[in-house]
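As structure tokens, the structure follows; a few thoughts come after it.
The values are calculated or read from the model by the stated rules, or taken from the named source; none is laboratory data. Computed from a predicted structure; not experimentally measured. Here Cβ is always computed from backbone atoms with ideal geometry, including for glycine, and neighbour counts include all displayed protein chains. Ligands, DNA and RNA are excluded from the accessible area calculation, which covers all protein heavy atoms including side chains. Shrake-Rupley method; radii C 1.70, N 1.55, O 1.52, S 1.80 Å.
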Amino acid sequence: ACPVDEKGCFTAATEEAAGFAGESVLDDGNEAVLTALREGGSLLAAARHEHRYPYDWRSKTPVIFRTTPQWFVRLGDLRGEALAALHAVEMRPPAGRARLEAFVRGRTEWCLSRQRSWGVPLPAFYHVETGEALLTEE
């Protein structure tokens, strides 16, 4: 489980993060973690470092990296079929074909669950109690 929610605040999803629940990972939560590490004798050193933080070019808001469940397909047996299918697609700009072909050739897995608001949803059912995905061969 990811200890950071969609608002960029710590959650109680993990034992380690539970004490910081509700704190922003970019603001007070960061200081709270440092304090806890200091008090626990686990902090070797801390120093301020100025750097450019990543921002979303559309919303102009900070990008917070979170761990989230992902769906992948193993490309091994599908690679040839996927490359052949690309030839039936008209690419704009045409240079996009070479880039996509290089991706398909060079990767062992492809992430299906690209977490973009404009992506295609994956129809999946999850077990209510365990959260496990219910999958069949079909």
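Below, the figures for the structure above:
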quantity: Residue in region 65-124 that is farthest from L135 (Cα to Cα), counting only those that are out of contact with any Lys or Arg (no Cβ under 8 Å at 6 or more places or on another chain) and of a type in the set (K, R); calculated: R92
quantity: Any chance R66 is assigned to a loop (DSSP other than H, G, I, E, B), touching an Asp or Glu at 6+ places or on another chain (Cβ under 9 Å) and open to solvent by 90 Å² or more (accessible area, probe 1.4 Å); calculated: yes
quantity: Cross-chain or 6+ apart pairs with Cβ under 9 Å, region 66-92 first and closer than 30 Å to A17 by Cα, then open to solvent by 70 Å² or more (accessible area, probe 1.4 Å) and assigned to a strand (DSSP E or B); calculated: F72/E109
quantity: Number of the exception - R105 against (1) assigned to a loop (DSSP other than H, G, I, E, B); (2) open to solvent by 100 Å² or more (accessible area, probe 1.4 Å); calculated: (1)
quantity: Matching residues, region 69-86, being assigned to a loop (DSSP other than H, G, I, E, B) and aromatic (F, W, Y); calculated: W71
quantity: Residue tally, condition open to solvent by 70 Å² or more (accessible area, probe 1.4 Å) and of a type outside the set (A, V, I, L, M, F, W, C), over region 86-102; calculated: 6
quantity: F72 vs. criteria within 23 Å of P3 (Cβ to Cβ) and open to solvent by 70 Å² or more (accessible area, probe 1.4 Å); calculated: yes
quantity: Count of residues meeting criterion [assigned to a helix (DSSP H, G or I), open to solvent by 60 Å² or more (accessible area, probe 1.4 Å) and over 17 Å from I64 (Cα atoms)] in region 23-49; calculated: 3
quantity: Residue in region 27-47 that is over 30 Å from E132 (Cβ atoms), of a type in the set (A, V, I, L, M) and at pLDDT below 90 present; calculated: no
quantity: Filter result (crowded, with 16+ Cβ neighbours inside 10 Å and out of contact with any Pro (no Cβ under 7 Å at 6 or more places or on another chain)) within region 1-22; calculated: P3, V4, G8, C9, F20
quantity: Filtered residues of region 61-96 (kept if of a type in the set (K, R) and at pLDDT below 90); calculated: R66, R92
